[in-house]
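The values are calculated or read from the model by the stated rules, or taken from the named source; none is laboratory data. Here the structure is a predicted model, which means the values were calculated and not measured. With ideal geometry, Cβ positions are generated from the backbone for all residues, glycine too; neighbour counts draw on all protein chains shown. Ligands, DNA and RNA are excluded from the accessible area calculation, which covers all protein heavy atoms including side chains. Shrake-Rupley method; radii C 1.70, N 1.55, O 1.52, S 1.80 Å.
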Amino acid sequence: ITGLAYSDALTGVKNSTAYKEKIKELDEEIQNSDPQFAVMVLDVNNLKKTNDNYGHKAGDALIVSSCKLICRIFTHSPVYRIGGDEFVVLLRNDDYKNRETLITKFDNAMKTAKVKTENEQLQISIAKGIAVFRKEKFDSYQEVFKQADKRMYENKSEMKKSFPQ
């Protein structure tokens, strides 16, 4: 039962309950040491439009396909679904060290990523923002998250300019 309590029913990744537990652990680490990690916030674009035009089944498929793409690139990092179309990846160890390469890989994979609906294939589009923990800059996990979240919204805004809906 505890495994289910920490898993997102739709995607199978860790859920917001697991995420809140992880935040507590990271905040303790931040107080007691100098952990190496980066936070990546990702938000699936066009979910409402997909739901409105193709139905909620297609919207769910968009979320699941987006999640699979995230998990395929960030294989050594925990992925959390923290909201309807919002994910967080905690980059540590090899994924932390190789984050620039992984981000490039993610961007390239997204260019060709599609989700099948009953009638057509839709392009997957995911906005992202990343922030790296620095002891001298941040006092808590939440501060790192806020910076990553701000960058994700900036990225989303840029994506909308490039591909107006």
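Looking only at region 1-46, which residues are open to solvent by 60 Å² or more (accessible area, probe 1.4 Å) and touching a residue at least 24 places away in the same chain (Cβ under 8 Å)?
Kept after step one, since they are open to solvent by 60 Å² or more (accessible area, probe 1.4 Å), are these residues of region 1-46: 1-2, 4, 6, 9-10, 14, 17, 20-21, 24-25, 28, 31-32, 34, 36.
Once the filter is applied, which keeps residues that are open to solvent by 60 Å² or more (accessible area, probe 1.4 Å) and touching a residue at least 24 places away in the same chain (Cβ under 8 Å), region 1-46 yields Leu10, Lys14, Asp34, Gln36.
On the given criteria, is Ser77 touching a Ser or Thr at 6+ places or on another chain (Cβ under 9 Å) and either within 25 Å of Glu21 (Cβ to Cβ) or among the basic types (Lys, Arg) (or both)? I'd like the intermediate steps shown before the answer.
Working: touching a Ser or Thr at 6+ places or on another chain (Cβ under 9 Å): no; either within 25 Å of Glu21 (Cβ to Cβ) or among the basic types (Lys, Arg) (or both): yes.
Against the criterion (touching a Ser or Thr at 6+ places or on another chain (Cβ under 9 Å) and either within 25 Å of Glu21 (Cβ to Cβ) or among the basic types (Lys, Arg) (or both)), Ser77 does not qualify.
Under 19 Å from the mean Cα position of the chain (by Cα) and open to solvent by 70 Å² or more (accessible area, probe 1.4 Å): does that describe Gln147? Let's see the steps before the verdict.
Numbers: under 19 Å from the mean Cα position of the chain (by Cα): yes; open to solvent by 70 Å² or more (accessible area, probe 1.4 Å): no.
No.
Can you tell me which residue among Tyr80, Tyr141, Tyr153, Tyr96 is of a type in the set (Phe, Trp, Tyr) and more than 15 Å from the chain's Cα centre (by Cα)? Full working, then the answer.
Numbers: Tyr80 fails: more than 15 Å from the chain's Cα centre (by Cα); Tyr153 fails: more than 15 Å from the chain's Cα centre (by Cα); Tyr96 fails: more than 15 Å from the chain's Cα centre (by Cα).
Of Tyr80, Tyr141, Tyr153, Tyr96, the one residue that is of a type in the set (Phe, Trp, Tyr) and more than 15 Å from the chain's Cα centre (by Cα) is Tyr141.
Among the numbered conditions (1) within 12 Å of Asp43 (Cα to Cα); (2) at pLDDT below 95, tell me where Asp149 comes up short.
So the condition that Asp149 fails would be (2).
Count, please, the residues in region 123-144 that happen to be open to solvent by 40 Å² or more (accessible area, probe 1.4 Å) and in a helix (DSSP H, G or I).
Residues in region 123-144 being open to solvent by 40 Å² or more (accessible area, probe 1.4 Å) and in a helix (DSSP H, G or I): 2 in total.
Consider only pairs whose beta carbons are under 7 Å apart and that are at least six residues apart or on different chains; among these, list those whose first residue lies in region 78-101 and is touching a residue at least 60 places away in the same chain (Cβ under 8 Å) and whose second residue is surrounded by fewer than 16 Cβ atoms within 10 Å (Cβ to Cβ) and not in a helix (DSSP H, G or I).
Between residues of region 78-101 that are touching a residue at least 60 places away in the same chain (Cβ under 8 Å) and residues that are surrounded by fewer than 16 Cβ atoms within 10 Å (Cβ to Cβ) and not in a helix (DSSP H, G or I), the close pairs are Tyr96/Gln36.
Looking only at region 81-122, count every residue that is open to solvent by 10 Å² or more (accessible area, probe 1.4 Å), under 17 Å from Val44 (Cβ atoms) and either assigned to a loop (DSSP other than H, G, I, E, B) or in contact with a Ser or Thr (Cβ under 9 Å, 6 or more places away or on another chain) (or both) and tell me the total.
Here the count works out to 11.
Can you go through Lys20, Lys24, Lys111, Lys97 and tell me which one is over 26 Å from Glu154 (Cβ atoms) and of a type in the set (Lys, Arg)? Walk me through how you get there before you give the answer.
Details: Lys20 fails: over 26 Å from Glu154 (Cβ atoms); Lys111 fails: over 26 Å from Glu154 (Cβ atoms); Lys97 fails: over 26 Å from Glu154 (Cβ atoms).
Unique residue meeting the criteria: Lys24.
Going by what's in this entry, would Val41 be described as at pLDDT 95 or above and touching a Gly at 6+ places or on another chain (Cβ under 6 Å)?
Working: at pLDDT 95 or above: yes; touching a Gly at 6+ places or on another chain (Cβ under 6 Å): yes.
Here the answer is yes, as Val41 does meet what is asked.
Kindly provide the set of residues from region 70-80 that are touching a helix residue (DSSP H, G or I) at 6+ places or on another chain (Cβ under 6 Å) and open to solvent by 40 Å² or more (accessible area, probe 1.4 Å), ordered by number. It would help to see each step written out before you state the result.
The first filter runs over region 70-80 and keeps only residues touching a helix residue (DSSP H, G or I) at 6+ places or on another chain (Cβ under 6 Å), leaving 73-74, 76-77, 79-80.
Scanning region 70-80 gives a single hit, His76.
Going by the conditions given, is Ser65 without any contact (Cβ under 8 Å) to a residue 12 or more places away in the chain, buried (at least 16 other Cβ atoms within 10 Å of the Cβ) and out of contact with any helix residue (DSSP H, G or I) (no Cβ under 6 Å at 6 or more places or on another chain)?
When the stated conditions are applied, Ser65 does not pass them.
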